[in-house]
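Please treat every number below as a calculation from the coordinates, not as lab data. Worth saying up front: this structure is predicted, and the values here are computed from it rather than measured.
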Amino acid sequence: MSDELPKLFSDEEFNELRLVRERRELADRRTVERRVAPMQRRLTDGLPESTIEQKFPHIAQKLTLVWRSEGCAAYISGLSVADRPGRQGFPAEVMEDLMMLHEINDTLINKPSLGQAAAAPPAWKEAVRREHD
């Protein structure tokens, strides 16, 4: 073990080294932010965000993951019931959106052909096409 004491810096040297370190950390932080920023951008459908997306983005994200499933119905039902003490509940417009989403999800999982109906041509178009062929 050495008997030498560590080198002491004057206040000026210490402040200069501190500034150098802070500049380096700031540059490193900016580099990380530039790399992470594109990953943080969310995909969007181009429409304005809903109230749920604006006020409760974590709930919106979970809804997109479980959408069109029994799990989604259970998740929305669980959100609708205050089972933990100290909870205020959701604002009225958020509850309305959740109930609407619950109804849509329920319709889609109970009538799976409903989602494909819009893609199929109406019967009258088929009849007209057969007449011209």
Notebook entry, point to check: aspartates and glutamates near K55 by alpha-carbon distance under 13 Å, same-chain residues fewer than 8 away left out - which ones?
Noted result: E93, D97
Notebook entry, point to check: Rounded if a/c is under 1.5, else prolate if a/b beats b/c, else oblate: with a ≥ b ≥ c from the C-alpha gyration tensor eigenvalues square-rooted, which is segment 51-117?
Noted result: prolate
